[in-house]
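Let me begin by presenting the structure, written as structure tokens, before commenting on it.
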Amino acid sequence: MRSFAAILRRDLMLAVRNQGEMLMVVGFFAIAATLFAFGVGPEANVQSRMSSGVVWTMALLAALLSLERMFALDFEDGTLDQLMLSGAEPAAVVLAKTLAHWLTTGVALLIAAPAVALSFQLPSQAYGALMLSLLLGTPTLSLLGAVGAALVLGSRRGGVLLSLLLLPLYSPVLIFGAAAVEGAILGIATTTPYAVLGGLLILALTLCPWAGAVALRHAVE
Amino acid sequence: MHKFANPTFFMKIANAVFPWAAGLSVLCFIVGLPIALVTSPPDYQQGETVRIMYVHVPAAWMGSMVYAVMAASSAVYLIWRHTVAHIIARASAPIGAMFTGLCLVTGMLWGEPMWGTWWVWDARLTSMLILFFLYLGYIALGDAFEDQERGDRAAALLALVGSVNLPIVHFSVEWWNTLHQSSILSMQGFSISTEMVVPLLLMVGAFQFYYVAVLVIRLRAELLAAKIRTARFNLAATG
Amino acid sequence: MDHVFAAAAFAGTDLSCRRGGRLVFAGLNFGINSGEALVLRGPNGSGKTTLLRLMAGLARKSSGVLTWDGADVHDDLPLHGSRLAFAGHLDAVKPALSVRENLAFWADVRGSSLTDIDKALKAFSLSHLADLPGRVLSAGQRHRVALARVAMNGAQLWLLDEPTNTLDDAALSALQGVLQRHLQNGGMVVMASHGDTLLPQAKTLDVRAFIAKARTADLESAA
């Protein structure tokens, strides 16, 4: 617990000192959405029809962008070796770094999402659903991402490989996240997507720190 | 169990199995293909196109089964560190990917006459597509490291993560599909008559034995590659 | 910083380690008690680093046992980690954090006392650099920060990989003093080194002797 708090505090401090990275994630989110708008054309009802999917997909890609660095910097400068020897449970290390990742990028995406949604003419009744689904879904993205980031440590092609590994794993979160928003747009809102997103989060919380810990052990060996 | 972990002993069994598997596979193809493609009755709705099923369905089953084999051997490798288990997983991956790819291609060929389009986001096809991506990820991760063992272990862990994920993906796309059912026809509700069961089972058998035979060939190659690697390292260390 | 340690024994029996499909060393034995030092010798690439990482519980052994007071350390790797301090080729100094923040983080993670930071900074003449960010330090200064981390965290077993690299004469004698005091207090030191004699009383282990064994074992298994 003590080391969990220490790692979390340090990662947040590093994120505050390197604000550029957080801004980059939000910037990517906004730019990718803008490109999407160019791709589908300026017609308001077409954009409105796609808004839930676009916001969710772009948020997912933006989260992916920052994942590669989650363990890579600590791996390259020897910090990861030291963390594995600090007496802390490796799963606690994974969990602390995941929480730090979510607090820096996940929360930044949550803040940026309404603005992007607004530009895509998301109907006003769906903002609550958008925020709630992102709140439930993005921690799962960070948790799965932590496993992926730990797996590719030290590999020859980190970033592209990480996307290849994670995108299939991310598909259920995307399906239910976008469906929650879609349901709110069409006024047929059910609790199913939220229940599944919550279930996925609980499952990821129980399995990912453990799997990530195994992957970190492999990485330092 | 531990006896099978010895590569030499294991390969002795694998080599003994090989001629039987290869022979049975050829036999099943020789008997099954003419029945499936010529003599079996056409479907009263789909006509002759139903014959694609005799390749499509066994390929789909094999795609999933080989992944199950891969995940199980990966677990054995990670827990008991039996290299043979990992070599089985590693050798299975391209075969499984091939079956899954075959399933996707035949699914598209079947989709054109049935739905009038080459691709629909049908729940099963989408699940198979995600499975195909998982295979690609597994193969890419296994080859991404200078240190072979590191790649082996990362890939094994990924196979396990994927096996937890696959049922969730399957459930998700099923649900996703029912949500948008108006736009998409489903393959469900298609019933198989008894005359179709025999050629289907023969084709399944042919695919199964084909997998075993090709697996043995790939196992031989993997073990030889490992020997070459060790020999090269030792040569570098002496020189 | 001057922790006094109870008597303990750290030993390895019949250790071998495989990396990249090749045995690095085989049949290696060592033993070290409180107050003793062990120097690993051998040319570059002979497996000194691998052996140190194996002693730390980072690298995976292919065979053999590593024990602390008779108990297998692999039964509880986090516990083993908390008994030791490791300084490898990488200094684990974050460029965005100041020297003091870097050390405070490790004290925080391991639950060691913050007052030890000042003593450790002083021992390696880093006090005047304490508030500078890691990114402005030279390689030698960063390395001294890494050594200060080892000195302050209260671990009994120190594993140092070529600790004298990049150190000037003043830092060398500081390191020598810190090592001698650690040994007097019942600590243990294992360090990889080629040539220097920081610890004249240390036992030495030539890793080269176990490479030949590894090669024969490997050739036998390949045949």
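Some points to look at:
- Test for residue C:27: is it small (Gly, Ala, Ser) and more than 20 Å from residue C:163 (Cα to Cα): yes
- Counting only residues that are at the interface with chain A (Cβ under 7 Å from one of its Cβ atoms), closer than 26 Å to residue C:138 by Cβ and of a type in the set (A, V, I, L, M), segment C:74-92 holds 2 of them.
- The set of residues in segment A:76-91 that are more than 8 Å from chain C (Cβ to nearest Cβ) and surrounded by fewer than 21 Cβ atoms within 10 Å (Cβ to Cβ) contains only A:91.
- Any hit, segment A:168-176, residues being assigned to a loop (DSSP other than H, G, I, E, B) and open to solvent by 30 Å² or more (accessible area, probe 1.4 Å): no
- Those residues of segment C:36-73 which are within 18 Å of residue C:203 (Cβ to Cβ), among the hydroxyl-bearing types (Ser, Thr, Tyr) and either assigned to a loop (DSSP other than H, G, I, E, B) or within 14 Å of chain A (Cβ to nearest Cβ) (or both), in sequence order: C:46
- Single residue of segment B:117-149 satisfying the filter (among the β-branched types (Val, Ile, Thr) and more than 26 Å from residue A:158 (Cα to Cα)) that is nearest to the other protein chains (Cβ to nearest Cβ): B:126
- If you check A:201, A:207, A:197, A:165 for being in a helix (DSSP H, G or I), within 9 Å of another protein chain (Cβ to nearest Cβ), of a type outside the set (Asp, Glu) and open to solvent by less than 50 Å² (accessible area, probe 1.4 Å), only one passes: A:165.
- Sole residue being free of Cβ contacts under 8 Å to residues at least 12 places away in the same chain and away from chain C (no Cβ under 11 Å), chosen from A:25, A:40, A:16, A:55: A:40
- Of all positions in segment A:68-75, at least one carries a residue that is within 14 Å of the chain's Cα centre (by Cα) and modelled with pLDDT of 90 or more.
- Taking the listed residues A:100, A:96, A:108, the one that is within 18 Å of the chain's Cα centre (by Cα) and away from chain C (no Cβ under 14 Å) is A:108, with no other qualifying.
- Unique residue being in a helix (DSSP H, G or I) and within 14 Å of chain C (Cβ to nearest Cβ) when the list is A:10, A:49: A:10
- Count - residues of segment C:99-116 that are surrounded by fewer than 16 Cβ atoms within 10 Å (Cβ to Cβ) and either charged (D, E, K, R) or more than 8 Å from every other protein chain (Cβ to nearest Cβ) (or both): 3
- The single condition from (1) in contact (Cβ under 8 Å) with a residue 12 or more places away in the chain; (2) in contact with a Leu (Cβ under 6 Å, 6 or more places away or on another chain) that residue A:146 fails is (2).
The values are calculated or read from the model by the stated rules, or taken from the named source; none is laboratory data. Keep in mind the model is a prediction, meaning the values are calculated, not measured. Glycine gets a Cβ as well: all are built from the backbone with ideal geometry, and neighbour counts include every protein chain shown. For the accessible areas, the whole protein counts, side chains as well, though only heavy atoms, and no ligand, DNA or RNA atoms are used. Shrake-Rupley method; radii C 1.70, N 1.55, O 1.52, S 1.80 Å.
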